[in-house]
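Visitor: First, the structure itself, so that you have it in front of you.
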Amino acid sequence: MGCIGHPFISLGYPTESVVMIRSAVTVSLVSEARGGPFVYWEGLEHAFSRAKALGFDAVEIFAPGPDAVDRAALHQLVETTGLAVAAVGTGAGMVKHGLSLSDPELGKRVRAQEFVKAMIDFGAEFECSAIIGSMQGRWGAELDKSTALGFLREGLNDLGRYAEEKDVPLIYEPLNRYETNLFNTLADAVAVLQELDTDNVKLLADLFHMNIEEVNVADAIEMAGAYIGHVHFVDSNRQAAGFGHTDWGPIAEAIRNIHYAGYISAEVFPIPSSDAAAEQTIKKYKELFHD
Ligand code: LER
Ligand code: MN
């Protein structure tokens, strides 16, 4: 199953449907990101096999770049496990190459766009979206805020339209204040999406960033509603859901209320181990969304 295909199962009634929320777990293939909030680190085969054994629907991939993954081998993994690719992260463009969509230098912004476009192509081959998180960049001494925001808007417009040609949404992720000074809340990000020339850019609700920035996480989810296209499922301390102090009831209710039909993807530290974090995630996921 691809990540954006047929999210609703019809019950035969014209106005009723069951929303297909699906589970995913992250794998990082980026050595520079060691110590970061990704569940699996031992390659795609290992991640797909563990995800399959634990009952996940999909794997979200943080790759060093568009050419770093053997695509034939990945197609084979998708086929043999029956799992999907939930999304592909683009953060390696920043972590490995120092690129961002709001860089003061035109040449670097162009390279950032080229990197993301190639990642969109990679994701589209597996029917899923690319995520723009740290690639959004930040403003600072060399670049004032409104110019940086203009660059980001330009990037989201171009890349959102590019993704549309490939039949996949583009996912934009507001981050907490320690990672970007552009947009930190879903409401601010929704306002930006409303100004774009395309409606193909959706938001990533990362519940860790939201725990830091939102007045009320559940209310923010309800407000952003149909703009949300992906969820990072993570507790207050960036560990697996249930290992921190997040109050999950109202958040799960908000996700159901907006008829969310995408992935609930664990982007968490592998604490106390990758498998323990994944097992806790799928247990909490079933408790909140599927029992
Ligand atoms: C970074 O903090 C994050 O949440 C990632 O999803 C960004 O790529
Ligand atoms: Mn995230």
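Yes or no, residue by residue, for (1) away from ligand 1 (no atom under 16 Å from the Cβ); (2) over 18 Å from the mean Cα position of the chain (by Cα):
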{"site": "Thr81", "(1), (2)": "yes, yes"}
{"site": "Leu99", "(1), (2)": "no, yes"}
{"site": "Ser102", "(1), (2)": "no, yes"}
{"site": "Ser146", "(1), (2)": "yes, yes"}
{"site": "Ala187", "(1), (2)": "yes, no"}
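Visitor: Which numbered condition in (1) touching a helix residue (DSSP H, G or I) at 6+ places or on another chain (Cβ under 8 Å); (2) open to solvent by 20 Å² or more (accessible area, probe 1.4 Å); (3) in a helix (DSSP H, G or I) is the only one that Ala224 fails?
Guide: (2) is the only condition that Ala224 fails.
Visitor: Restricting the search to region 124-160, which residues are in a helix (DSSP H, G or I) and within 16 Å of ligand 2 (Cβ to nearest atom)?
Guide: Within region 124-160, the first condition is being in a helix (DSSP H, G or I), and the residues that meet it are 124-125, 134-136, 145-160.
Across region 124-160, the qualifying residues are Ser134, Met135, Gln136.
Visitor: From Thr246, Thr281, which residue is open to solvent by less than 10 Å² (accessible area, probe 1.4 Å) and within 16 Å of ligand 2 (Cβ to nearest atom)?
Guide: On the way: Thr246 fails: open to solvent by less than 10 Å² (accessible area, probe 1.4 Å).
Of the residues listed, the single one that is open to solvent by less than 10 Å² (accessible area, probe 1.4 Å) and within 16 Å of ligand 2 (Cβ to nearest atom) is Thr281.
Visitor: Output the residues belonging to region 208-228 that are within 13 Å of ligand 2 (Cβ to nearest atom) and over 11 Å from Leu186 (Cα atoms).
Guide: Phe208, Asn211, Ile212
Visitor: Being more than 16 Å from ligand 2 (Cβ to nearest atom), open to solvent by less than 10 Å² (accessible area, probe 1.4 Å) and under 18 Å from Leu196 (Cα atoms), is that true of even one residue in region 74-93?
Guide: no
Visitor: Across region 189-244, which residue is nearest to ligand 1 (Cβ to nearest atom) among those that are aromatic (Phe, Trp, Tyr) and within 16 Å of the chain's Cα centre (by Cα)?
Guide: Filtering region 189-244 for residues aromatic (Phe, Trp, Tyr) gives 208, 227, 233, 243.
Narrowing further to those that are within 16 Å of the chain's Cα centre (by Cα): 208, 227, 233.
Details: Phe208: 7, Tyr227: 17, Phe233: 12 Å.
If we take residues in region 189-244 being aromatic (Phe, Trp, Tyr) and within 16 Å of the chain's Cα centre (by Cα), then Phe208 is nearest to ligand 1 (Cβ to nearest atom).
Visitor: Oh, and also: Condition check: within 16 Å of ligand 1 (Cβ to nearest atom), under 19 Å from the mean Cα position of the chain (by Cα) and either exposed (fewer than 15 other Cβ atoms within 10 Å of the Cβ) or aliphatic (A, V, I, L, M) (or both). Does Val39 satisfy that?
Guide: Details: within 16 Å of ligand 1 (Cβ to nearest atom): yes; under 19 Å from the mean Cα position of the chain (by Cα): yes; either exposed (fewer than 15 other Cβ atoms within 10 Å of the Cβ) or aliphatic (A, V, I, L, M) (or both): yes.
Against the criterion (within 16 Å of ligand 1 (Cβ to nearest atom), under 19 Å from the mean Cα position of the chain (by Cα) and either exposed (fewer than 15 other Cβ atoms within 10 Å of the Cβ) or aliphatic (A, V, I, L, M) (or both)), Val39 qualifies.
Visitor: Residues being of a type outside the set (Asp, Glu) and surrounded by fewer than 22 Cβ atoms within 10 Å (Cβ to Cβ): count how many of those fall in region 127-165.
Guide: Looking only at region 127-165, we keep the residues that are of a type outside the set (Asp, Glu), and these are 128-141, 143, 145-153, 155-157, 159-163.
From what is left, the residues that are surrounded by fewer than 22 Cβ atoms within 10 Å (Cβ to Cβ) are 134, 138-141, 143, 145-147, 149-150, 153, 157, 161-162.
Residues in region 127-165 being of a type outside the set (Asp, Glu) and surrounded by fewer than 22 Cβ atoms within 10 Å (Cβ to Cβ): 15 in total.
The values are calculated or read from the model by the stated rules, or taken from the named source; none is laboratory data. Predicted, not measured: the structure shown is a model, and the values here were computed from it. No Cβ is skipped: glycine too gets one built from the backbone with ideal geometry, and neighbour counts run over all protein chains shown. With ligands, DNA and RNA removed, areas are computed over all heavy atoms of the protein, side chains included. Shrake-Rupley method; radii C 1.70, N 1.55, O 1.52, S 1.80 Å.
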